Structure formats: structure tokens, C-alpha cells
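Novice: Handing you this structure, nothing more for now.
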Amino acid sequence: MLSRMMMTTGSISVNMVLMQTIAAIAASCAPLLQEPIAAEDAERLAGALKAIADPARLRLLSLIQAQPGHEACVCNLTEPLGLGQPTVSHHLKVLLNAGLVEREQHGNWAYFRVREEPLAALRALLA
């Protein structure tokens, strides 16, 4: 399993290992329907896909992108999802650990922004 190395730049946190893994898989593999994927690559890809395999997490990604400035606070996300703050925070943490969102602190509030690179890599691999 990949080690969880978090990088904090200013107040933005990103799981660099997972982000680099997704990019490496996408760069080294043909799209899934063109040729068989290696067992090791399939295992790593499955880990990234698990993070977005939850309907609430998929909705979170789209809700964040739909916000002005493409960033959102947990307080902007609980009502549209119909979930409590602790549950939304948990899902955001999973997305953050997967390198799919980044977090930036604005005073007392944490704001989340979707990271385009890992999603583009997944899209390319599944194309």
C-alpha cells in the first residue's frame, strides 16, 4: 500500500504520492479498453477509484466545481447533500487523502477546491 505523504504548501494540503501514482498510471497505460492493464496498475487504480466510488463524494466534486471561484466550505455543502457536517467532512477528508481536492484555510473556515490533474488522468485512462 502507498505511504500517505502529505505536502502542505502555505495552507494547501495535497496527497502527492497518490496524485503522482494516478498520473504515472495514466501516462504509462493505454486506455483500459485498448489493452489489458497490469495487475499492479489495476490495484493502484482501484485505490484511486474507491475514493470517488461513493455517490456523496461524486456529488461533492460537482458541488465544489459549481461554486463561485470553484471552491467551497463545508457549510456550503451540507444542505445540498442533505448530510450533516461530520459526514461531509469525512467525505472531504477521503477526497483530500486521495489527492482529488485541496484544502485551504481562510480564517476559521476550510475551503476545498477540486484538483483537475488527477481527474484528467483518470478520465484519460478510462477513455
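Read the figures in this text as sums done on the coordinates, not as results from a lab. The structure presented is a predicted model; accordingly, all values stated were derived computationally and were not measured. Here the Cβ is made from the backbone with ideal geometry for all residues, glycine too, and neighbour counts use every protein chain on show.
Novice: Return the residues of the stretch 75-102 that are under 19 Å from residue 120 (Cα atoms) and in contact with a Ser or Thr (Cβ under 6 Å, 6 or more places away or on another chain); say none if nothing qualifies.
Specialist: Selection gives nothing.
Novice: For residue 114, state whether it is of a type in the set (Val, Ile, Thr) and over 8 Å from the mean Cα position of the chain (by Cα).
Specialist: no
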